[in-house]
Each structure stands twice: as structure tokens, then as C-alpha cells.
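Enquirer: Quick one: the structure is below, and I'll ask about it shortly.
Readers should treat all values here as calculations from the given coordinates under stated rules, not as data from a laboratory. Because the structure is predicted, anything quoted here is derived from the model rather than measured. In this analysis, Cβ positions are derived from the backbone assuming ideal geometry, glycine residues included, and neighbour counts consider all displayed protein chains.
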Amino acid sequence: MASTRFGRGAKAAFIASILVWLLSYVFGNVSMAAYGFLPMGMTILGTLWGLVELVLAGLIGARLYGALEK
């Protein structure tokens, strides 16, 4: 779905990664912190770690997908 809306390549992978990060890590970790299940420091660290993790995975996946497609 992202490739039809944003095209193919690194831009689409980056946008899709940010969207997944927002919907999974940010909302999940903020709700856990709000209920008191996670300390704020751990919430921030985990959320930022997830951002780096998902963006790298998305960019590597886009690169591999492009290499396999040719």
C-alpha cells in the first residue's frame, strides 16, 4: 500500500517506518507510561530505540526489495 501512495524506494520505506513507529511504539509506550507500568526514562529510551530500529529495517528492506526486483 505504501508503494502505491508514496512510490517506491527509500522515501516510501521511511514514511512507512515512521507510521508503524507512531502507531506501535509511541502510542503503546505512552499508554504504558500513563498507567505507571514503565518509568519515563525507559519509555523515552525504548521509543527512540524503536524509531532507529524501524527506520533502519525499512531502509534495508527497501534496498533488498529493489535488488531482488531487478
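Enquirer: If one computes the Cα centroid of the stretch 5-24 and of the stretch 31-50, what distance in Å separates the two points?
Expert: What the calculation gives is 23 Å, centre to centre.
Enquirer: Next up: List the chymotrypsin sites (Phe, Trp or Tyr not before Pro) in the stretch 13-70 that DSSP assigns to loop (not H, G, I, E or B) and whose Cβ has at most 15 other Cβ atoms within 10 Å. Which are they?
Expert: Answer by residue number: Tyr35, Phe37.
Enquirer: Can you give me the relative contact order of the chain as a percent, contacts being Cα pairs under 8 Å and 6 or more apart?
Expert: So the answer I get is 44 percent.
Enquirer: Just subtract the alpha-carbon distance of Val30 and Met42 from 0.36 nm times their residue separation and send over the number in nm, one decimal.
Expert: On the way: separation 12, 0.36 × 12 = 4.32 nm, distance 1.08 nm.
Length gained, Val30 through Met42: 3.2 nm.
Enquirer: Then there is this: What 222 nm value per residue comes from the helices of the chain, counting each DSSP H run with n ≥ 4 as -39,500 (n - 2.57) and dividing by all residues, nearest 500 deg cm²/dmol? Don't skip to the end; give the middle numbers.
Expert: Working: 4 runs with 55 residues, N = 70.
Value at 222 nm, helices only: -25000 deg cm²/dmol.
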